[in-house]
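Novice: Would you mind keeping the following structure in view while I ask a few things?
Taken together, the values in this text are just the output of simple stated rules run on the coordinates, not laboratory data. All values derive from a computational prediction rather than experimental measurement. Ideal geometry is used to build each Cβ from the backbone, glycine not excepted, and the neighbour counts take in all protein chains shown.
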Amino acid sequence: MACLHQSMAATMSMSMFVSPIPAYSLHSHSISASKHLASVFFSPLSLGRVPKSGHTVKASPLRVKAQQSPDAEVEDVGTAGVAAIAGGLVANPVVTWSLYTLKTTGCGLPPGPGGALGAIEGVSYLVIVGTIGWSAYTKVKTGSGLPSGPYGLLGAVEGLSYLSLLAILVVFGLQYLDLGFIPGPVPSDMCFGTPP
């Protein structure tokens, strides 16, 4: 019996703050008091959603956005994006060096030991063309270029690739106007070939 009196006293003290339920009818209305309490705390007015004339309000589910780590950004660009970042960070300086050498000597980079330097030069040109092709495809498909990627590196590689393409067109054009030829991808008699 003491538990019943404590329960009624707790419900009565709660009802004084929630609704004007008379104390004499508290025992018969204890369930309706708890429903009223829930409706007060979870009403559209208390949640900041006030219905407009005659419209009902639907509560939207709670959405929590976690802060992304740099690892999550790497996952956003995928394996191709990470490869483009790594390749572009190497390819753009190599192409810049190649274009400088082409402009000053009339030939590209020397083949190097076992042709390794020439191979890196050729692959670097292909990486730049591939990055620009991927960027153009993404621009046509989505209306914007490549995502910026972790720390903005993919966006930087994309921008540097466009600048390298512009430099390629300018230097190759000047090479053709000055010397009348553009050296091929393999050593020839004009560049790094065997002397006659």
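Novice: Roughly what would the spin-label model give for M190 and T101, points 7 Å off Cα along C-beta, in nm?
Specialist: Rounded to a tenth, the inter-label distance reads 1.7 nm.
Novice: Working out 0.36 nm times the residue gap between I120 and L177, then minus their Cα-Cα distance, what length gain in nm do you get to one decimal?
Specialist: Once the chain is fully extended between I120 and L177, it gains 17.9 nm.
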